[in-house]
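The values are calculated or read from the model by the stated rules, or taken from the named source; none is laboratory data. As the structure is a prediction and not an experimental result, all values here were calculated from the model. Positions of Cβ are backbone-derived with ideal geometry, glycine not excepted, and every protein chain shown enters the neighbour counts. SASA here: full protein model, heavy atoms, side chains in, ligands and nucleic acids out. Shrake-Rupley method; radii C 1.70, N 1.55, O 1.52, S 1.80 Å.
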Amino acid sequence: MGVKLQLIIGNKNYSSWSMRPWILLRQSGIDFEEVQLKFGEGTKVIGIEKYSAARKVPVLIIDGEPVWDSLAICEAAAEMFAGKHLWPEDDAARRVARSICAEMHSGFQNLRGKMPMNIRTKYPGKGLTPESQKDIDRVVAIWTECRERFGGAGSFLFGRFSIADAFYAPVVMRFQTYAVKLPPPAQAYCEAVLALSAVKEWIAAAKRETEFVPEDEPYASKQ
């Protein structure tokens, strides 16, 4: 294609929003330059002004033009690389995939707040409240329905890896960190996501990071 892509991301240990498009592009074999910025005070992204007026990560720079927000980035990638079928090819499956991505994008506030993504640490049982359990139950219901209806051709929500799996990969990370008990089909799906080469690469990089962001560390021991 000759198009130049730059993906601007935040800390890999904490930034669930950044993880989504990074996993999608890397796992799909789409070439891009990674530009990693770091969270500062109050989770402000240091240096983001150069790349986006919204001042949030992730941002995809396409030939110098920014696309911001993880869902918009994934949609742009799906358009640019239509032959990679980043959304499911079946019409009904694609509609469901878009719906569950939008739900993930705008919902699950209790899960996000009580169980922030923190890949390099383990906090078994932390953050489990009636409200976060309700979000967990909804995630499991989504995974179960998608696997039963559309997952027969592979190990992922719609059989083969798609944008939907990239969107739910940070949830898999949370379930690992907080040792969330899952029914066997949901746990099997988590294992499939964890086995992806792009996810393994992201996890390894997250574990090498040393930055400590207090806003993302509600359960850390006080120094």
Exercise. Answer yes or no as to whether residue 153 is free of Cβ contacts under 8 Å to residues at least 60 places away in the same chain, under 26 Å from residue 205 (Cβ atoms), more than 17 Å from the chain's Cα centre (by Cα) and open to solvent by 20 Å² or more (accessible area, probe 1.4 Å).
Key: no
Practice problem: Any residue in the range 64-75 that's touching a residue at least 60 places away in the same chain (Cβ under 8 Å) and in a helix (DSSP H, G or I): show its pairings with residues that are open to solvent by 60 Å² or more (accessible area, probe 1.4 Å) and of a type outside the set (Lys, Arg) at Cβ separation under 9 Å, as long as the two are six or more apart or on different chains. | Solution: 70/17
Practice problem: Would you point out which residue out of 84, 4 is at pLDDT below 95 and open to solvent by 70 Å² or more (accessible area, probe 1.4 Å)? | Solution: 4
Practice problem: Consider residue 102 carefully, then state whether it is buried (at least 22 other Cβ atoms within 10 Å of the Cβ), modelled with pLDDT of 95 or more, closer than 19 Å to residue 71 by Cα and within 14 Å of the chain's Cα centre (by Cα). | Solution: no
Quiz item: Out of (1) crowded, with 20+ Cβ neighbours inside 10 Å; (2) among the basic types (Lys, Arg); (3) over 18 Å from residue 17 (Cα atoms), the odd one out for residue 174 is which?
Solution: (3)
Quiz item: Give me the pairs: first residue in the range 168-184 and closer than 18 Å to residue 141 by Cβ and aromatic (Phe, Trp, Tyr), second residue outside any helix (DSSP H, G or I) and open to solvent by 20 Å² or more (accessible area, probe 1.4 Å), beta-carbon distance under 8 Å, and six or more apart or on different chains, which are they?
Solution: 175/182
Quiz prompt | Lone qualifier among 206, 192, 166, 188 - being under 15 Å from residue 26 (Cα atoms), at pLDDT 95 or above and in a helix (DSSP H, G or I) | solution = 166
Self-check item: Condition broken by residue 146, with the remaining ones in (1) surrounded by fewer than 21 Cβ atoms within 10 Å (Cβ to Cβ); (2) of a type in the set (A, V, I, L, M, F, W, C); (3) in a helix (DSSP H, G or I) satisfied
Solution: (1)
